[in-house]
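Below: one structure, written as structure tokens.
The values are calculated or read from the model by the stated rules, or taken from the named source; none is laboratory data. Bear in mind that the values here come from a model prediction, so they are computed numbers and not experimental data. Please note: Cβ atoms are built from the backbone with ideal geometry, for glycine as well, and neighbour counts cover all protein chains shown. Side chains included, ligands, DNA and RNA excluded: accessible areas come from the protein's heavy atoms. Shrake-Rupley method; radii C 1.70, N 1.55, O 1.52, S 1.80 Å.
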Amino acid sequence: MDTDLLIALGGVVVIVTAGFFGYGKWQETRSRRTLERTLHTPSHDPLLDAGERGPGGAPGSDFTEEEGVLGPAHRVAPRREPAAEAGFARTPRHHPDSLKEGVDLMVRLESLGGMDAAALREAVMREFRDSPRPVGWYVFDDASNDWQPLTAKTEGQYHLALASLQLADRTGAIGEKEYLRFTGGVERVADHLGAVPGAIESRVTVLERAAALDRFCAEFDVQIAVNVVPRNAPIPGTKIRAAAEAAGLTLGEDGLYRLLDDHGVPLYALADLDGRPLRQPDIKLHQANGVTLFLEVTRIPSPVVFDRMFTFAEKLAATLDGQLVDDAGNPLTPEAGRLIRERIAQIHQRMKAQEIPPGSAIARRLFAG
């Protein structure tokens, strides 16, 4: 990640330690990022410029019923414009809407005689059961004129299938072994079914693209945290529960309160400052030294979400007789909140420029975990 340029922020040096840090693998290597680091502007966008390059968890043991993925649910996008199929009534789209060029490596399988869904599923299971990364599989349904995930319930004959592999995630970019494992496995599936695989991008091109995507993700995998600490006595768990529920947050099994959007997607979360889970059975006995409100910049659709979180933090501080502080214990002012919001807007603008809308399904997939 470039670190050449820093935006001068005058007297807010004490604020720059507030709450920015990485997550997942990047949390291990780039954890507790400071606001100062996120306030630099690189000299280039690390995701590949479209004009310069061509298109490009733990493994699971079975298909889910809702996702066409062997392993954790990761949807991915096909790679090339398909050739026109002689005798096909309709021309299929490039790939499912959930997939994206530059994010996923995709290979299409074509069979004029048709591929039986059960046979395809069996071949995929045999080749990819032990895949180190989730592999997505889709079939083109002529009746709906759309791609559908290959699931445990998929039946019938299909002329087109598509395999996909996400090029990077929070564990890093795919490597040569993963590339060869995926492409070789897809070719063996095609051979087993008598299908013809489409053209596969070269190893060098794909690995360069994966590395660029990983750099892009590492740079913007930013989390913002705002701490509320009491001025005097610890905060009773019952007061935390009452304030969180009044603001529309719901308690998860992991002991975190979360604000969800209309589709059940988390926007921001509230946690005990010391990391102890907030549990309903013992909430009356819980005494907290403070609480932390946090969100992931890439996974929210707008800086408005941060506005809501910061406003809630201010109300929470007033309700609990506390104050907003950064990780070093320095007070967080409304001016600091404004600067953080501006940086979120900058990150979102650059994500949109790379056609990875913040808060979108693709963004959530890239920054899952």
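For residue 258, the criteria (1) touching a Ser or Thr at 6+ places or on another chain (Cβ under 9 Å); (2) closer than 30 Å to residue 106 by Cβ; (3) of a type outside the set (A, V, I, L, M); (4) surrounded by 18 or more Cβ atoms within 10 Å (Cβ to Cβ) hold in every case but one, which is (2).
Against the condition in contact with a Leu (Cβ under 7 Å, 6 or more places away or on another chain), on the phi < 0 side of the Ramachandran plot, open to solvent by less than 50 Å² (accessible area, probe 1.4 Å) and of a type in the set (Ser, Thr, Tyr), how does residue 250 come out, does it pass?
No: the conditions fail for residue 250.
For segment 194-229, taking the residues that are in a loop (DSSP other than H, G, I, E, B) and of a type outside the set (Asp, Glu), the one that is farthest from residue 160 (Cα to Cα) is identified as 222. Under the condition of being in a loop (DSSP other than H, G, I, E, B), surrounded by 20 or more Cβ atoms within 10 Å (Cβ to Cβ) and charged (D, E, K, R), the residues counted in segment 154-193 number 1. Residue-level check: of (1) open to solvent by 10 Å² or more (accessible area, probe 1.4 Å); (2) among the small types (Gly, Ala, Ser); (3) more than 18 Å from residue 249 (Cβ to Cβ), residue 336 misses just (1). Just a yes or no: is a residue in segment 133-143 within 25 Å of residue 202 (Cβ to Cβ), in contact with a His (Cβ under 6 Å, 6 or more places away or on another chain) and assigned to a loop (DSSP other than H, G, I, E, B)? Checking segment 133-143: at least one residue is within 25 Å of residue 202 (Cβ to Cβ), in contact with a His (Cβ under 6 Å, 6 or more places away or on another chain) and assigned to a loop (DSSP other than H, G, I, E, B).
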